[in-house]
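For reference, the structure is listed below as structure tokens.
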Amino acid sequence: MNNQRGFFFNVDWITVLIYLALCTIGWFNIHAAVFDENHPSILDLETSYGRQFIFILTGLVLGTVILLLESRFLSAVSPALYVVTVLMLILVLAVGRGVGGNQAWIDLGGGFKLQPSEFAKFATCLLLARYLSATNVKVTDPKSFLIAGGIILLPMVLIKMQPDDGSTLVFCSLIFVLYREGLSTYFLVIGGILITLFITSLIFNEWYVVIAVIIVTVLAAISIKRNRPLLFKVIVGAVISIGFIFAAKPLYNKGLKKHQRDRIDVVLGLSQDKKHVGYNQNQSIIAIGSGRVWGKGYLQGTQTKYAFVPAQSTDFIFCTIGEEWGFAGSVTVLGLYLFLLLRIILIAERQRAPFSRIYGYGVASIIFCHVIINIAMAIGYMPVIGIPLPFISYGGSSLWSFTILLFILLKLDSNRMGINHA
Amino acid sequence: MNSFFERRYIIAGIFIVLILVLLARLFYIQVVDDRYYLFAKNNVIRRYIQYPARGPILDRTGKIMVQNEPVYDITVVPKQVKAFDTVEFCKLLGIDRAGFDKRMEKARKYSPYRTSVFEKQIAPQLYASFQERLSEFPGFDTQPRSLRDYPDSAAAQFLGYIGEATEAIIKRSGGYYSPGDYVGITGVEKSYETVLRGQRGVQNLIYDSHNAPKGHYANGVYDTAAVAGQRLISSLDMKIQKLGEKLMTNKVGSIVAIEPSTGEILCFVSSPTYNPNLLVGRERGNNAAKLYKDPYKPFFTRPVQAYYPPGSSFKPLSALIGLQEGLIKPSDTYNCIGYYMAGNHRVKCTHVHGTVNLAGAIAGSCNGYFNMVFAKVLNAKGGKNTDDSYTSWKANVNKFGFGERLGVDIPSEGKGLVPTAKYYDKMYHKGGWRSTTVASLAIGQGELLATPLQLANIEATIANRGFYYKPHLIKAIGDKQVIKHEYTVKNYVGIDAQYFEPVINGMQSVVDYGTGQGSKIPGIVMCGKTGTAQNPHGKNHSLFVAFAPRDNPKIAIAVVVENSGDGGTWAAPIASFIVEQYLRGSISQRPSHIFPEYYIEKNLLPAIILKPADKARIKADSLKKVSLDSIRKQKQDSVKKAALRSAQTAMLPKRRDDE
């Protein structure tokens, strides 16, 4: 069919356009975030924004190279890629260079650094897709579930040891992939309930939460009293929940480090420390909030320009967008992401090959998780977690790994009518 | 194809919902909640207020009375302080190590990143040597300020003083002043505050997160320049003011002189006074406390706050009302037999005057004559309508500004006292009083109380033959010399010009050969009247009112010397020196052989006998820190007390009468 006329005709150009739009938005906002009077040109290679332009160009080359690869090759190479990534993650623990307290970087010399955890994301997705697409593998089968979980957990644990909490959390998002492939809905529901209980029992007195759980349970019991098995499950669930409520605080205090607890306390409003722990986040919210509807204009953000927000070209890049482009900018950027995510789901679902579909969901989950955590952190809905905004944040490793992640999907998609990877 | 196909909707749904949650929060902080916009602005923009120089005050000849003296504050930003030679630094500033630590601690407590004042108001000489070595002391800086400076150290009560704005002032100003701002507290500094303070400038500077300045916000579009306070030209003549203060040394009392043709106050002496320079600079607090404790109350602005019975100085006014009402003629005579029969009790006269007409009665200050006039006035509508007659008499007196505020342009002016008919209704009972009951009013005694300013204003009115201009201390404002409209309006007192001449004849005789003859100035026709205000607590107060020259008068004056005896002895000579100095520029040899030095050197301060209660109060006051506010309150209290005391005096049954 169309693939005879060359792969570029089969590439999903809409996704490419969204990709380019996000990269451009990133480049301009990095320019605004770290604007240097002595190097005003956006192409000046002395500056971050000049370098970001190079990263975008090389990213495009990388994307083109991926489109030129054989789809079959991607599937075949995935176990090797996974092994190399895991080895790099181990290596980084030994020789890694610290940035912001994390041992996450391998110095390649000549000013280039590599962040293996970025590459672990697509490597894990690829191997997960390959494993789950095997004919006799079903997520509902405990053995398969454990192996799939193992594929996700191995890099997760290694990244956690760096420690890089942001990237660790991102791997959790792969639960969406498992869910799409048949994981019981209970996992999602129970996960949601546990998170809710955990947060509420930190904010409120445990007894209030217990009373709330009992009330909900009683109401549920009344409405489903004829369904005996379900009623039994609800009551067991309630008992476990109450136990969990009392475990939440000790878990929180013992399981997390002081700086992590401090950050969470700020978000939950348990501490009002606007000068120290809460300072960055508070300044970030001020920056975004001060943009109002239309923003202060390009290069006019005072919070950004006068360095009130830390890491403004990387993790807090959304501040610049919010401050200089206002709510209009927020809607545009989040709209583009949502459009991209829905487009990826659409692409994933139109694949004949389960490998491609599963990989597609992996891409969507990872991008989604980055966007949500990054922006929620910038507006004070989440504790401060260092995690880049896909395609927008400054940095070669991040941009290239997201480019590879996305373009592998585009490559698979361009071949969707062709070979079926079994 | 896949059994879990429909799950894509759930996943897409979760994506959509969570992104919408983020957008909702973004909508709230960006669109709904305006706080963040202000926070961001406050983060970077710092408003610096540029304080304009306070306006200077000049006397009527252009001589500077108050100006600004440059001083410097040493400021510090604690975080920017690096290791330096503390010993040298302390030596330079003349402070010890403990004092240094205390100041640093205070600054650090205020803010480690912001500028605080380390040492206030250092002298220019010290500033120069400090500035030279400023680079050795990182974190320290200097900041110019200005203090009030009084080259002549005179006219303290007139000028008033400035002080740091109190909480009450800040509240009243609606946020215009902030703590630490200087504001006029008394005198002209207070009443012309809005003119003197000028317009503040504002600079909106941008600071980054490291507190480094980054230039002006919006290129300075919102910045305003400070506009210096306007210059005030006072009506005072510094020469006679200083002479007056000298003459009143070691005496308690006032001198007020007015130019009748304008209402401008030429001399405004309140004695004892103080050196206004004491209330400036670093010793200000201690000095203020000392002055406040001074039993002679130097903060009391006697010309407008002290009340005295006008005594015989009231007689010309009494005569004028009688003449205007047509109840007496200048040629009418009265036979003084040494006392006046008010009903069935005798009002003593100073001596037996024999047959006197109006001029003679004024010249000799015959009580009997004026009792007679007053009785005629109060009985004009029949003995039963004393109330009515009294009320119209009071209205006539009020027209002279007596018993009412004249509206002089410094704060705390007193009204004096001319009681209402109701007052006597209460004291006796309605219809229970007659002209004879209140006979002492005829001679300026009884309940009547006037401020020295009111006394001087009455003389200005007589000098003008029937009108006065509102007396004022500031004749023009600013470089354009704006004169307030209210100062150009003639206030008529309802007495026809023709009735003044006979009264003025009498007043000329007072000086020529009457009770004030000792004060005759060779070559200048002065018209005046002596008075002795009764004082139940000690010696009588000596009063003299006058204007000169008789034709085309240039100066009207009232002098009060407390506890010194009769008017002719002390007040009259002092008045004559002021008048001559003003009119002639020097003081000539007098035929009466009086000379100013004698009066300057004479100490007439009443002995202060403290009651145990007062002693306790003063002791208690010395323990608590004296704020300027409490000084002001004290002043008001003493006005009330003085009024009360005089009123009580007036009610004493036994009345000694005037000269």
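The values are calculated or read from the model by the stated rules, or taken from the named source; none is laboratory data. Nothing here was measured: the structure is a model prediction, and the numbers come from that model. Counting neighbours? That spans all protein chains shown, and the Cβs are built from the backbone with ideal geometry, glycine included.
For the reader, a short list of remarks on this structure follows.
- Flag for B:LEU247 being free of Cβ contacts under 8 Å to residues at least 40 places away in the same chain and of a type outside the set (Gly, Ala, Ser): no
- Selection status of B:VAL44, within 14 Å of chain A (Cβ to nearest Cβ) and touching a strand residue (DSSP E or B) at 6+ places or on another chain (Cβ under 6 Å): yes
- Selected residue (only one of A:SER330, A:SER284 is more than 7 Å from every other protein chain (Cβ to nearest Cβ), buried (at least 23 other Cβ atoms within 10 Å of the Cβ) and not in a loop (DSSP other than H, G, I, E, B)): A:SER284
- The residues on offer are B:PHE15, B:PHE100, B:PHE89, B:PHE4, and the sole one that is surrounded by 14 or more Cβ atoms within 10 Å (Cβ to Cβ), part of a helix (DSSP H, G or I), within 14 Å of chain A (Cβ to nearest Cβ) and over 38 Å from the mean Cα position of the chain (by Cα) is B:PHE15.
- Screening region B:365-459 for helices (runs of 4 or more DSSP H) wholly inside it with 1 or more residues that are of a type in the set (Asp, Glu) returns the ranges B:386-398, B:421-427.
- Test: residue in region A:398-421 that is touching a Leu at 6+ places or on another chain (Cβ under 6 Å), within 10 Å of chain B (Cβ to nearest Cβ) and part of a helix (DSSP H, G or I): no
- When region A:306-326 is limited to residues that are among the aromatic types (Phe, Trp, Tyr) and modelled with pLDDT under 85, the one that is surrounded by the most Cβ atoms within 10 Å (Cβ to Cβ) turns out to be A:PHE308.
Residue-wise test of (1) under 15 Å from A:ALA129 (Cβ atoms); (2) modelled with pLDDT under 90; (3) over 16 Å from the mean Cα position of the chain (by Cα).
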{"residue": "A:LEU338", "(1), (2), (3)": "no, no, no"}
{"residue": "A:LEU346", "(1), (2), (3)": "no, no, yes"}
{"residue": "A:ARG352", "(1), (2), (3)": "yes, yes, yes"}
{"residue": "A:GLY360", "(1), (2), (3)": "yes, no, no"}
{"residue": "A:ASN374", "(1), (2), (3)": "no, no, no"}
{"residue": "A:GLY395", "(1), (2), (3)": "no, yes, no"}
{"residue": "A:SER401", "(1), (2), (3)": "no, no, no"}
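- Residues in region B:18-34 that are assigned to a helix (DSSP H, G or I) and within 7 Å of chain A (Cβ to nearest Cβ): B:LEU18, B:ILE19, B:LEU22, B:LEU23, B:ARG25, B:LEU26, B:PHE27, B:ILE29, B:GLN30, B:VAL31.
- Residue within region B:137-150 that is more than 26 Å from B:GLY55 (Cα to Cα), in contact with a Phe, Trp or Tyr (Cβ under 6 Å, 6 or more places away or on another chain) and of a type outside the set (Asp, Glu) present: yes
One line per residue, one yes/no per condition, for (1) over 28 Å from B:ASP223 (Cβ atoms); (2) surrounded by 17 or more Cβ atoms within 10 Å (Cβ to Cβ):
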residue: B:PRO124; (1), (2): yes, no
residue: B:PHE130; (1), (2): yes, yes
residue: B:PRO138; (1), (2): yes, no
residue: B:TYR150; (1), (2): yes, yes
residue: B:GLY163; (1), (2): yes, yes
residue: B:ARG172; (1), (2): no, no
residue: B:SER178; (1), (2): no, no
residue: B:VAL183; (1), (2): no, yes
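- Matching residues in region B:184-217 - criterion: being part of a strand (DSSP E or B) and within 14 Å of another protein chain (Cβ to nearest Cβ): B:ASN204, B:LEU205, B:ILE206, B:TYR207, B:PRO213, B:LYS214, B:GLY215, B:HIS216
- Among the residues of region B:467-480, those that are assigned to a loop (DSSP other than H, G, I, E, B) and either in contact (Cβ under 8 Å) with a residue 60 or more places away in the chain or in contact with a Leu (Cβ under 9 Å, 6 or more places away or on another chain) (or both) comprise B:LYS470, B:PRO471, B:LEU473, B:GLY478, B:ASP479.
- Note on region A:287-327: among residues that are touching a Leu at 6+ places or on another chain (Cβ under 8 Å) and either among the aromatic types (Phe, Trp, Tyr) or free of Cβ contacts under 8 Å to residues at least 24 places away in the same chain (or both), the one that is farthest from the other protein chains (Cβ to nearest Cβ) is A:PHE318.
- Each residue in region A:44-66 was checked for being touching a Lys or Arg at 6+ places or on another chain (Cβ under 7 Å), surrounded by fewer than 17 Cβ atoms within 10 Å (Cβ to Cβ) and either assigned to a helix (DSSP H, G or I) or on the phi > 0 side of the Ramachandran plot (or both), and 0 pass.
- Members of region A:153-183 found to be over 19 Å from A:PHE402 (Cβ atoms), modelled with pLDDT of 85 or more, crowded, with 20+ Cβ neighbours inside 10 Å and more than 14 Å from every other protein chain (Cβ to nearest Cβ), listed by number: A:LEU158
- Whichever residue in region B:439-468 is surrounded by fewer than 24 Cβ atoms within 10 Å (Cβ to Cβ) and touching an Asp or Glu at 6+ places or on another chain (Cβ under 9 Å) and, among such residues, is farthest from B:GLU501 (Cα to Cα): B:SER440
- Applying the set (1) in contact with a Cys (Cβ under 9 Å, 6 or more places away or on another chain); (2) under 28 Å from B:ALA607 (Cα atoms) to B:GLU562 leaves exactly one unmet item: (1).
- Against the criterion of being surrounded by fewer than 16 Cβ atoms within 10 Å (Cβ to Cβ), more than 14 Å from every other protein chain (Cβ to nearest Cβ) and of a type in the set (Val, Ile, Thr), B:THR75 does not qualify.
- Hey, A:THR302 polar (S, T, N, Q) and either under 19 Å from A:ARG180 (Cβ atoms) or touching a strand residue (DSSP E or B) at 6+ places or on another chain (Cβ under 8 Å) (or both) or not: yes
- Filter result for B:PHE547 (surrounded by 24 or more Cβ atoms within 10 Å (Cβ to Cβ) and within 25 Å of the chain's Cα centre (by Cα)): yes
- Which listed residue, of B:ALA154, B:ALA168, B:ALA128, is at pLDDT 80 or above, part of a loop (DSSP other than H, G, I, E, B) and of a type in the set (Gly, Ala, Ser): B:ALA154
- Of everything in region A:349-372 that is more than 8 Å from every other protein chain (Cβ to nearest Cβ) and small (Gly, Ala, Ser), the residue that is surrounded by the fewest Cβ atoms within 10 Å (Cβ to Cβ) is A:ALA353.
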